[in-house]
Amino acid sequence: MAQIAWRQQMELSYPPLDDEHKAFLKVVNAAQAAADSDDFSRFDDIFESCYEYARTHFPQEEDVMERISFPDLIPHMKSHQKFIDNISELRQTFSQAKTLTARRHIARQSADFLSTWFLGHILGRDKVYKPYLVRLRNLPPRMNYD
Ligand SMILES: [Fe+2]
Ligand SMILES: [Fe+2]
């Protein structure tokens, strides 16, 4: 798949989360570049960056959704968990691929999964809580951090 450019449509207009989404897009595009050039050695770092994104971004986003009483929090959390499961599976398959053909196949599959997931999740799920972010302004100061 082609490199993905950040576009206005992806913007939540909430910098703490937009910045993390933008940083993760770099990882997604790096995976495409690595798959395109058969640079398999980069996939260790790419998978690690995906876990790092899951460890830092997901809890932060879930905390925001909870504070603004976003009604679809639970399905959204499940979607985050599914991403972690998918990455774990891809990483394991990658580590077991011994031939060039097998590595090339799993590298392509991993990169395409990341691109598809990024677009689907940002535009299909994260965008859904955007209208609720105005509620952050009305929270008591203690809860209205960042
Ligand atoms: Fe999300
Ligand atoms: Fe997100």
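Summary of values
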read-out	value
Residue that is among the small types (G, A, S) and touching a Ser or Thr at 6+ places or on another chain (Cβ under 9 Å), where the choices are A102, A97, A107	A102
Single residue of F47, F83, F58, F113 found to be touching a Lys or Arg at 6+ places or on another chain (Cβ under 8 Å) and within 27 Å of A2 (Cα to Cα)	F47
Breaking point among (1) more than 14 Å from ligand 1 (Cβ to nearest atom); (2) over 19 Å from L123 (Cα atoms); (3) aliphatic (A, V, I, L, M), for I68	(1)
Single match in H121, H105, H80, H76 (criterion: more than 11 Å from ligand 1 (Cβ to nearest atom), free of Cβ contacts under 8 Å to residues at least 60 places away in the same chain and within 30 Å of D45 (Cα to Cα))	H105
Count of residues meeting criterion [surrounded by 15 or more Cβ atoms within 10 Å (Cβ to Cβ) and closer than 15 Å to D18 by Cβ] in segment 109-124	3
In segment 9-43, the residues that are away from ligand 2 (no atom under 16 Å from the Cβ) and of a type in the set (A, V, I, L, M)	A30, A31, A33, A34, A35
Test result for P131, in a loop (DSSP other than H, G, I, E, B) and surrounded by fewer than 16 Cβ atoms within 10 Å (Cβ to Cβ)	no
Any chance F94 is away from ligand 2 (no atom under 11 Å from the Cβ), under 30 Å from F40 (Cα atoms) and aromatic (F, W, Y)	yes
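Read-outs throughout are calculated quantities, based only on the coordinates presented, and are distinct from any laboratory measurement. All values reported here derive from a predicted model rather than from experimental measurement. With ideal geometry, Cβ positions are generated from the backbone for all residues, glycine too; neighbour counts draw on all protein chains shown.
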